[in-house]
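What follows is calculated from the coordinates using simple rules that are stated; it is not laboratory data. Here the structure is a predicted model, which is why all the values come from computation and not from measurement. All Cβ positions, even for glycine, are placed from backbone atoms using ideal geometry, and neighbour counts span all protein chains on display.
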Amino acid sequence: MQSVFIFTIVVAMAFGHSAVFPQTASAQQKVGVIVVDLQGDFTTLKKGSLAVEGTDQAYVDQVRQATESLRKKGYPVYATQDWHPADHVSFYTNHPGKKAFDVIDVAGKKQVLWPPHCVQKTENATVLLDSKMFAAIVKKGKDKKYDSYSGFQDDGGARTELNQLLKKAGINEVIIYGLAMDYCVKATALDAVKAGYKVTVIEGLSKGVAPDTTLKALEEMAQKGVTVKKQLGV
Ligand code: VGL
Ligand code: ZN
């Protein structure tokens, strides 16, 4: 019994504490990256139908460089892609008498009515970074009945494959950025917290639809356990 104890001590000294007790003290972190909805329709660069202020060539280049540097560090990178049918519930054009940015009730939830955007297979639904960058691109908002700001699930509760993909890759920490801060970045970050991930949102790599909702989003995320960083720092 004593020799087992001494053996354990020697092994612990040789390999470090975490090699012998991998689930204790320094639980291993595996970091994944989620680039949210970096698509033409959300950018001024592509004259998108729902272009977010500040999403010019310089912004897209900045996101590309940051994402490449994370990938080079070995972090798996995932993209989410808003991917709506033409008759989607979130388009004001599908609600006679309504106009863009009106708010209606859908299945007991407030629904902002958007200009048609990210319609499946259209040019401006394309993700603006090279698809070779991504371990996977997760489409969302495919069901015409529900909106889906979150990359994890839609407003009807139907899950995407994102959580399973992250879990299979052993990821327990995510870095999130993209478009738009006050809608899809926020919803994806909050669902990531709920799913048990350690979550960091990069403010400098994200842009919001409106200043007031962006400020509120930053407050809510911080309050719910998201770390908000100005820049990556890599
Ligand atoms: C988004 C509004 C509608 C987003 C998607 O990516 O933040 N916003 N659909
Ligand atoms: Zn959408």
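Restricted to strands (runs of 3 or more DSSP E) entirely inside the range 155-234, those with at least 3 residues that are of a type in the set (A, V, I, L, M, F, W, C) are 173-178, 198-202. Taking residues in the range 217-234 that are within 19 Å of V33 (Cα to Cα), and partners anywhere that are exposed (fewer than 12 other Cβ atoms within 10 Å of the Cβ), the pairs with Cβ atoms closer than 9 Å and at least 6 places apart or on different chains are V234/K73. Does any residue of the range 73-82 turn out to be free of Cβ contacts under 8 Å to residues at least 40 places away in the same chain and within 15 Å of ligand 2 (Cβ to nearest atom)? Checked against the condition, which is being free of Cβ contacts under 8 Å to residues at least 40 places away in the same chain and within 15 Å of ligand 2 (Cβ to nearest atom), the range 73-82 yields no hits at all. Identify the residue in the range 57-72 that is touching a residue at least 60 places away in the same chain (Cβ under 8 Å) and polar (S, T, N, Q) and, among all such residues, is nearest to ligand 2 (Cβ to nearest atom). My answer is T67.
From G48, G54, grab the single residue that is touching a residue at least 40 places away in the same chain (Cβ under 8 Å) and in contact with a Lys or Arg (Cβ under 6 Å, 6 or more places away or on another chain). Don't jump to the end; show me each part of the working.
On the way: G48 fails: in contact with a Lys or Arg (Cβ under 6 Å, 6 or more places away or on another chain).
Of G48, G54, the one residue that is touching a residue at least 40 places away in the same chain (Cβ under 8 Å) and in contact with a Lys or Arg (Cβ under 6 Å, 6 or more places away or on another chain) is G54.
Considering only residues that are charged (D, E, K, R) and within 15 Å of ligand 2 (Cβ to nearest atom), which ones fall in the range 145-162?
In the first step, residues of the range 145-162 are kept if they are charged (D, E, K, R); the result is 145, 147, 154-155, 159, 161.
If the condition is that a residue be charged (D, E, K, R) and within 15 Å of ligand 2 (Cβ to nearest atom), then K145, D147, D154, D155 are the ones that fit.
Checked against (1) free of Cβ contacts under 8 Å to residues at least 60 places away in the same chain; (2) within 27 Å of K230 (Cβ to Cβ), V138 passes all but a single condition, namely (1). Residues of the range 164-185 that are buried (at least 24 other Cβ atoms within 10 Å of the Cβ) and not hydrophobic (A, V, I, L, M, F, W, C): Y177, G178, D182, Y183. Note on the range 58-146: enclosed strands (runs of 3 or more DSSP E) holding 3 or more residues that are away from ligand 1 (no atom under 12 Å from the Cβ) and surrounded by fewer than 16 Cβ atoms within 10 Å (Cβ to Cβ) are 103-106.
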